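One structure is given here, and the rest of the page talks about it.
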Amino acid sequence: MSQRDALADDVLRDLRGGMDDIALMDKYQLSYVELRNLYLELFNSGRLLQSQPDPNPTQKQEARRPRPPILERSSTRREIDRYRLYFDIPVYELDRPEVVGAVCDVTENGIGVIGVEAELNEVKTLVVEGDTFCDVAPFEIQVRCCWIEKRAESDEVRAGFEITDMSEYDRRQLDKLIELAVA
């Protein structure tokens, strides 16, 4: 058994035991991208099935839903559910298209991004490139930075943005991502 297979077995066991992504990244010293790629390997090999229950139910003890193919429902202290993406959806600032990041998670009112720097309360226009596989067209959203995290060991930047403005068309594209998670 290779080290990668052993790591996958350990991560799968901890995931099924209820460990969340942050705890897995800390325990196994993985970046967000490394963990996401490991999840993809597990999905593609059939070891992590889409129908497995969400290991992180909300505090309301609502019925467990099967894990969707694209997004994972995250348990948070927030009143709005957050959905994590398991594949890359590129995102960049409208004024800086050369700096491309990736969408980490989405809510009806916000977006988590990796690879796009911001200052707290800074307002930006982000372009989400969409994905033809998911039938999501590119869209723009105006956002305000609510939090930012820089990992010293990898120079990785993660930021959470509140959506402050978007067109009806852009709302439909965002809703398509969210609908994939609740279908």
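Values in this text are rule-based calculations from the coordinates and carry no lab data. Note that the structure is a prediction, hence the values are computed from the model and not measured. Using ideal geometry, Cβ is built from the backbone for each residue, glycine included, and neighbour counts are taken over all protein chains shown.
Tabulated data for the structure shown
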| quantity | calculated |
| --- | --- |
| Estimated dipole of the range 90-182 in Debye, rounded to 20 [Cβ of Lys and Arg +1, of Asp and Glu -1, Cα centre] | 100 debye |
| Least to most buried among D26, D175, D131 (fewest other Cβ within 10 Å first) | D26, D175, D131 |
| Likely footprinting exposure, C145, C104, fewest C-beta neighbours within 10 Å first | C145, C104 |
| Full-extension gain in nm, A152 to A23, via 0.36 nm per residue minus C-alpha separation | 44.7 nm |
| Dipole in debye (nearest 20) - the range 3-48, about Cα centre, beta carbon charges: Lys, Arg +1; Asp, Glu -1 | 120 debye |
| Distance (nanometres) between label positions extended 7 Å along Cα→Cβ at D5 and T125 | 5.2 nm |
| Calculated FRET value between D165 and V99, using beta carbons and R₀ = 25 Å, to 0.05 | 0.70 |
